[in-house]
Amino acid sequence: MERANIDKTPLREAKLPIVWVLGGPGCGKGTQCDKIVAKYGYTHLSSGDLLREEVQSGSDRGKQLTAIMEKGDLVPLAVVLDLLAEAMLKKLGGSKGFLIDGYPREVAQGQEFEKEIAPCAWILYFEVSDETMTQRLLKRAETSGRADDNAETIKKRLVTFHKHSEPVIEAYSAKCSKIPAERGIDDIFADVCAALDKL
């Protein structure tokens with residue numbers, strides 16, 4: 001797949017805080033991101049949503065992504081970086097910072113992001129047991145209509161998540177808040193605020 005040619009200088013010069021939001025599928029990071037946006041004026045970008053939007057747009061890039069995702073493979077890193085950079089540049093004017101949700105999925109992605117786009121200021125990692133994530137995703141499947149919300153795919157997604165994300169948490173432990181996320185939404189958010197207020 002071809003790279004888009006994007007000038008990322010404005011992102012580096014803006015020096016806005018960039019926060020990576022990590023956690024397994026169904027850990028509740030979307031809910032927390034909504035609360036951060038409301039309180040802090042950050043822009044929430046989900047790599048998964050950006051990929052789905054690209055696919056739905058019917059572009060050539062979208063069609064190539066569809067083929068990759070239908071096989072259950074990870075999308076090429078360069079494509080995800082391009083989508084993120086494009087979205088960040090679009091939102092740069094009105095934003096006080098960026099929440100990058102579900103990224104990086106492995107250490108190399110984190111390194112590439114920091115090299116190509118800008119350094120990450122902090123990481124929020126929402127910890128939830130596999131049992132809880134599975135239950136939440138199966139419940140979501142009743143209403144979401146998402147093809148990847150079924151028991152077999154969920155099991156695969158959790159294995160992939162642990163294999164790739166745990167090294168990220170270790171590699172970036174100096175700037176990572178691990179937040180237990182099997183509590184009430186407001187309790188979790190109090191920990192989130194404690195981390196973000198330091199930035």
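The values are calculated or read from the model by the stated rules, or taken from the named source; none is laboratory data. Here the structure is a predicted model, which is why all the values come from computation and not from measurement. Note that each Cβ is placed from the backbone with ideal geometry, even for glycine, and that neighbours are counted across all protein chains shown. What goes into the accessible areas is simple: the full protein's heavy atoms, side chains included, and nothing from ligands, DNA or RNA. Shrake-Rupley method; radii C 1.70, N 1.55, O 1.52, S 1.80 Å.
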> Among the residues of the range 167-199 satisfying the criterion of being under 18 Å from the mean Cα position of the chain (by Cα) and of a type in the set (D, E, K, R), which is surrounded by the fewest Cβ atoms within 10 Å (Cβ to Cβ)?
Replying inline: 170
> If residue 140 passes every condition in (1) open to solvent by 50 Å² or more (accessible area, probe 1.4 Å); (2) within 16 Å of the chain's Cα centre (by Cα); (3) over 18 Å from residue 73 (Cβ atoms) but one, which one does it miss?
Replying inline: (2)
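Is it the case that residue 146 is under 26 Å from residue 162 (Cβ atoms) and open to solvent by 10 Å² or more (accessible area, probe 1.4 Å)?
Numbers: under 26 Å from residue 162 (Cβ atoms): yes; open to solvent by 10 Å² or more (accessible area, probe 1.4 Å): yes.
Yes.
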>> I need the full set of residues from the range 110-152 which are closer than 13 Å to residue 25 by Cβ and in contact with a strand residue (DSSP E or B) (Cβ under 8 Å, 6 or more places away or on another chain), in order please.
In response: 126, 128
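Can you name the residue in the range 32-49 that is modelled with pLDDT under 95 and open to solvent by less than 30 Å² (accessible area, probe 1.4 Å) and is also farthest from residue 19 (Cα to Cα) among such residues?
Step one: filter the range 32-49 for residues modelled with pLDDT under 95, giving 46-49.
Subset that is open to solvent by less than 30 Å² (accessible area, probe 1.4 Å): 46-48.
Working: 46: 12, 47: 13, 48: 16 Å.
Checking each candidate, the answer is 48.
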>> I'd like to verify a number: residues in the range 95-147 that are within 30 Å of residue 4 (Cα to Cα), among the charged types (D, E, K, R) and touching a residue at least 60 places away in the same chain (Cβ under 8 Å), how many?
In response: 5
> In the range 65-80, which residues are of a type in the set (A, V, I, L, M) and open to solvent by 50 Å² or more (accessible area, probe 1.4 Å)?
Replying inline: 67, 69, 74
> Among the residues of the range 110-121, which ones are farther than 12 Å from residue 11 by Cβ and either hydrophobic (A, V, I, L, M, F, W, C) or part of a loop (DSSP other than H, G, I, E, B) (or both)?
Replying inline: 120, 121
> In the range 1-31, how many residues are open to solvent by 40 Å² or more (accessible area, probe 1.4 Å), basic (Lys, Arg) and assigned to a loop (DSSP other than H, G, I, E, B)?
Replying inline: 2
> Would you pick out the residues in the range 81-109 that are part of a helix (DSSP H, G or I) and in contact with a strand residue (DSSP E or B) (Cβ under 7 Å, 6 or more places away or on another chain)?
Replying inline: 84, 87, 88, 91
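Restricting to the range 81-114, name every residue that is β-branched (Val, Ile, Thr) and open to solvent by less than 10 Å² (accessible area, probe 1.4 Å). Let's see the steps before the verdict.
First, the residues of the range 81-114 that are β-branched (Val, Ile, Thr): 100, 107.
Once the filter is applied, which keeps residues that are β-branched (Val, Ile, Thr) and open to solvent by less than 10 Å² (accessible area, probe 1.4 Å), the range 81-114 yields only 100.
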> For residue 121, are the conditions met, namely being at pLDDT 95 or above and surrounded by fewer than 19 Cβ atoms within 10 Å (Cβ to Cβ)?
Replying inline: yes
